[in-house]
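Peer 1: First the structure, which I've put down as structure tokens, then a few questions once you've had a look.
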Amino acid sequence: MDLAHEVEQKNRTGHEAAEAVTATREGFAVAGHTHSRRPGTSQAWVLDFDGTAPRPRWERTQGEGPGSHARALSPLPGGGLVVVGEVEVARDEFQAWVLALNRDGSPRWERTPGTGGINGLTSVGVLDDGTIVAGGVQGGAGWLLWLSPDGQPLGETRLEKLERVTSLAVLPGGRLAVAGTAESSTTGLGTSAILVFEADRQPAWAWWLSAERRGELAALAAMPDGGLVAAGRTSAPGSPDWGLWVVRLDAKGRIQWEHLPEDATVEAGHAVTALPDGGAAVAGDSLKGLADRDARVWRLGPDGAVRWRKSYGGGRQDLARGITRLADGGLVVAGSTMSRGAGKTDLWVFRVSADGDLSWQETFGTP
């Protein structure tokens, strides 16, 4: 086993990927991981861009232990970023991780809350008063963690009815919305739920996927009218395949519209961003050939109709894992690619217009 683990570590070198992207005052920032700065060991990786050029203003790797991954990030009031994910505290044992960065990328503070196990954080947001809220999994259940702006613990909530939190969205008035997996499956898709909490952390309402359906929500975003849009994948009863699933809820949890799979294409949404017109843009992927995937972006109108759907990448594996809208209306997508770049899998960032036309793309990695 030690020899197998050593070979596995060596094979990891040369792989980089992005997990999330967020708009900032100056442009946008990307979070992911690299296995090349310390060969064979994963390090969290954050890159900050000014929004006009495909090269970062600064970048930072973090993690000195067996490994660390950045899963989500959010801007901090006054500048800077908060990044969450997990650190490997022992072989195959992970613990939640939170890092705050200053505007120049220097560390402000770092925390590892919770305990070791198969634990970690998948999402993060910042309330109007500067309180940081992160969501993920701790001890086999959904988990919410509140931190002060300087990283001090303010409380935590264990969500027993969820197996994990997959995404969260900050709502007006200090309210919080959470999407999560309610029941996973080893043979197909699981089930999902969306929970909303008041500013005092008390439950406001919950929306559960009906028992007749199977579907998993990976992303959640607040809409301009106080409602929510969520994206993921769902399958028809008895079908082994799945397709893109997008659901729009109003401020009280009532479905406004739902986009369900249109054909037999195996595709899924992994990130979603709200648009000013009441529509949404979703980033994800679709199956091509026997194994590889294309990165894909969908733009949906306020009524849920697909305005356009476009694929990006090349002949190999290309994945989109994050999307955000910039102030000028363009979209930035982050993920990973094997179709271009220097290494085995490179971190990949590309920008498209409001109509989905590719403006530029850039890869980051080493052989």
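The values are calculated or read from the model by the stated rules, or taken from the named source; none is laboratory data. Please read these numbers as outputs of a predicted model, since none were measured by experiment. Virtual Cβ from ideal backbone geometry, glycine too; neighbours counted across all protein chains shown. Areas reflect the complete protein model, heavy atoms only, side chains present, ligands, DNA and RNA absent. Shrake-Rupley method; radii C 1.70, N 1.55, O 1.52, S 1.80 Å.
Peer 1: Would you look at the GNM of the chain, springs on alpha carbons closer than 10 Å, and say which of Glu19, Glu160, Glu110 moves the most?
Peer 2: Largest GNM mean-square fluctuation: Glu160.
Peer 1: Take the range 181-245, drop everything but the C-alpha atoms, weight them equally and run the Debye formula without solvent; then report log10 I(q)/I(0) at 0.19, 0.27 Å⁻¹ to two decimals.
Peer 2: Scattering profile of the range 181-245, log10 relative to I(0): -0.78, -1.22.
Peer 1: Report the far tail of the P(r) of the range 139-219, meaning the percent of Cα-Cα pairs longer than 21 Å.
Peer 2: 30
Peer 1: Using every alpha carbon pair in the range 43-147, what percent of pairs falls into each 5 Å bin from 0 up to the bin containing the largest distance?
Peer 2: 3, 13, 23, 24, 18, 11, 6, 2, 0
Peer 1: Further question on the same structure: Zone of Lys310 (label point 7 Å along Cα→Cβ, backbone N under 14 Å): which residues in the range 340-363?
Peer 2: It comes to 350-361, nothing else.
Peer 1: Using only C-alpha positions, report the orientation-averaged shadow area of the convex hull of the range 116-252, nm², one decimal.
Peer 2: So the mean shadow area of the Cα hull is 8.5 nm².
Peer 1: Please state, as a whole number in µm²/s, the translational diffusion coefficient that the Stokes-Einstein equation yields for the range 12-93 at 10 °C and 1.306 mPa s, with Rh defined as the Kirkwood radius across alpha carbon pairs. Provide the component values of the computation, followed by the final result.
Peer 2: Details: Rh = 13.0 Å.
Once the numbers are plugged in, D ends up at 122 µm²/s.
Peer 1: Can I ask one more? Per residue of the range 325-336, in order, report the coupling 6.51 cos²θ - 1.76 cosθ + 1.60 (Karplus, θ = phi - 60°) as ³J(HN,Hα) in whole Hz, putting x for Gly and Pro.
Peer 2: For the range 325-336, the Karplus curve yields 9, 8, 4, 7, x, x, 10, 10, 10, 10, x, 8 Hz.
Peer 1: Fully extended, how many nm does the chain gain between Asp355 and Arg254 (0.36 nm per residue separation, minus their Cα-Cα distance)?
Peer 2: Full extension from Asp355 to Arg254 adds 33.4 nm.
Peer 1: Could you provide, to the nearest whole Å², the per residue accessible area of the chain with probe 1.4 Å?
Peer 2: Dividing the accessible area of the chain by its residue count gives 41 Å².
Peer 1: Binned at 5 Å from 0, what are the whole-percent values of the Cα-Cα distance distribution for the range 222-367, short to long?
Peer 2: Result returned by the calculation: 2, 10, 19, 22, 19, 14, 9, 4, 1, 0, 0.
Peer 1: Given a 10 angstrom Cα cut-off, can you work out which residue in Gly269, Gly226, Gly322 is the most mobile in a GNM of the chain?
Peer 2: Checking each option, the largest mean-square fluctuation is seen for Gly226.
Peer 1: Another question, then. Collect residues whose amide H, placed 1.01 Å from N in the peptide plane, falls under 5 Å from the amide H of Arg316; neighbours closer than 5 in sequence don't count.
Peer 2: Result for Arg316 returns Ser339.
Peer 1: Under a GNM of the chain (C-alpha, springs under 10 Å), which listed residue has the highest mean-square fluctuation: Gly65, Gly114, Gly151?
Peer 2: Checking each option, the largest mean-square fluctuation is seen for Gly65.
Peer 1: How large is the direction-averaged shadow of the alpha-carbon convex hull of the range 153-198, in nm²?
Peer 2: On the way: hull surface 15.4 nm².
Averaged projected area of the range 153-198's Cα convex hull equals 3.9 nm².
Peer 1: Once the principal axes of the Cα atoms of the chain are found, what is the range along each, listed largest first in whole angstroms?
Peer 2: So the three principal-axis extents are 49, 47, 45 Å.
Peer 1: Where Rh denotes the Kirkwood radius from the mean inverse Cα pair distance, what is Rg over Rh for the range 284-344?
Peer 2: Details: Rg = 13.0 Å, Rh = 12.7 Å.
Result for the range 284-344 is an Rg/Rh of 1.03.
Peer 1: Measure off, as a whole percent, the carbon and sulfur share of the 1.4 Å-probe accessible area of the chain, all protein chains present.
Peer 2: Carbon plus sulfur share of accessible area: 49 percent.
Peer 1: Treat the range 111-183 as a sphere of radius equal to its Kirkwood radius over Cα pairs and apply Stokes-Einstein at 37 °C in a medium of 0.692 mPa s; give the translational diffusion coefficient in µm²/s, rounded to a whole number.
Peer 2: 268
Peer 1: Compute the distance in nm between two label points, each set 7 Å from the Cα along the Cα-to-Cβ direction, one at Arg108 and one at Leu154.
Peer 2: In this crude spin-label approximation the distance works out to 1.3 nm.
Peer 1: Also, quick follow-up: Give the total of Lys-Lys pairs in the chain with Cα-Cα distances below 25 Å; include a pair only if its members are 8 or more places apart or on different chains.
Peer 2: So the count works out to 5.
Peer 1: Quick check: pseudo-label points 7 Å beyond the Cα along Cα→Cβ at Ala141 and Asp50, how many nm apart are they?
Peer 2: 4.9
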